[in-house]
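Where a number appears in this text, it was derived from the coordinates with a stated rule and is not lab data. Keep in mind that what you see is a predicted model, and the values were worked out from it rather than measured. Here Cβ is always computed from backbone atoms with ideal geometry, including for glycine, and neighbour counts include all displayed protein chains.
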Amino acid sequence: MAEDAPIWERVADALYFIDSPAAIAQIASRFEAAYAPVIATATTEAVRTKAVEALWHYLSAGATPRKHWALTKGEAQRALDALVDLAQRGV
């Protein structure tokens, strides 16, 4: 995937193993708005760690009234690894 591709395309490509387009769209939106900027620009390891842990909790949490999907722990870990890698590359 080209580095100049929109972030949602790069997230969708990285999360190819998730079957729900709605889940991928929601993850991409939240990742772009809340997690990627903090992970990418963290000035200390503590700030970066806190953002990564928050992303982990979001991905591994069960379905809620506003989050109609849930990932297995394995899927959540794969998604976390892929998204952190994207953020560190400066999505």
Which of Tyr16, Tyr35 has the fewest Cβ neighbours within 10 Å, and the rest in rising order
Tyr16, Tyr35
The alpha-carbon pair-distance distribution computed for the range 29-69, with 10 angstrom bins and whole-percent values, is 29, 48, 19, 3
